[in-house]
1. How many residues are surrounded by fewer than 14 Cβ atoms within 10 Å (Cβ to Cβ) and in contact with a strand residue (DSSP E or B) (Cβ under 9 Å, 6 or more places away or on another chain) when one looks only at region 155-181?
2. If I filter region 245-255 for residues that are modelled with pLDDT of 70 or more and touching a strand residue (DSSP E or B) at 6+ places or on another chain (Cβ under 8 Å), do I get at least one hit?
3. Taking the residues in region 157-170 that are assigned to a helix (DSSP H, G or I) and more than 10 Å from residue 109 (Cα to Cα) as candidates, determine which candidate is farthest from the chain's Cα centre (by Cα).
4. Here is a check on your reading of the model: is residue 180 part of a helix (DSSP H, G or I) and within 21 Å of residue 84 (Cα to Cα)?
């Protein structure tokens, strides 16, 4: 199990705290438009980071659950970008009210809740990565088209949130609560720190959604608190994916590899399925391959006679 030391905890708390302070300063000195734009952009940036990291480290992590979340949160970031850029006052789409903005918001939250609820499937199943990317692009395109072109239920009525908007927010909260139950039941499949970060993110998202059922205008306290909690929920997912599950194992892999490389003879460590978990430079030189070509591959493919089957 990965252990988070005090210095790591300090960094995890310091970075979002600095960003939150910057957001509040922007809100009270420069207005709600700048606050909203920055709050969404910070969350969008975190979502983009998730995709970059999981796709570039998939050969080491081999974790389809994380890859699914990374691709999904990248898609959510695209929807949230459109939500941010269609706010009244932004110079891009000549928006005259908040309806299209709220359509993007609701569609994004439904997408996120569905993503999280279905993610547990890939704790035990293989993810078709290319198909997932294609489906995600298709869904984002449909959501963008529908948010602009389709007639959807009114979100604001006489200066207040419509019943439809509030009901959808509560439906999203119900999906997120269900996801918490699913993760707790499948906790044996999740590393402890990852589980804590995921549950923390889900709890923060539920609080954010609750705030978004209470505000009556874009300048209210509930609106501000909701966006702060939304950013924190993204940050917790970021911690689960990058800090705990990817960064720490890669550090351990580096340390172990250095020790293995000190051995002048080929040294290989395999798991219970005869898949290569570690291999030193002497072994790589023997088969004339690099680490990326053999790590997490069956040892039979490189070190057993070709006339033997894997079951031999």
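1. Residues flagged as surrounded by fewer than 14 Cβ atoms within 10 Å (Cβ to Cβ) and in contact with a strand residue (DSSP E or B) (Cβ under 9 Å, 6 or more places away or on another chain) within region 155-181 amount to 1.
2. For region 245-255, residues modelled with pLDDT of 70 or more and touching a strand residue (DSSP E or B) at 6+ places or on another chain (Cβ under 8 Å): absent.
3. Ranking the candidates gives 163 first.
4. So residue 180 fails the test.
The values are calculated or read from the model by the stated rules, or taken from the named source; none is laboratory data. Just so you know, these numbers come straight off a predicted model, no measurement behind them. As a convention, Cβ positions derive from the backbone with ideal geometry for all residues, glycine included, and neighbour counts pool all protein chains shown.
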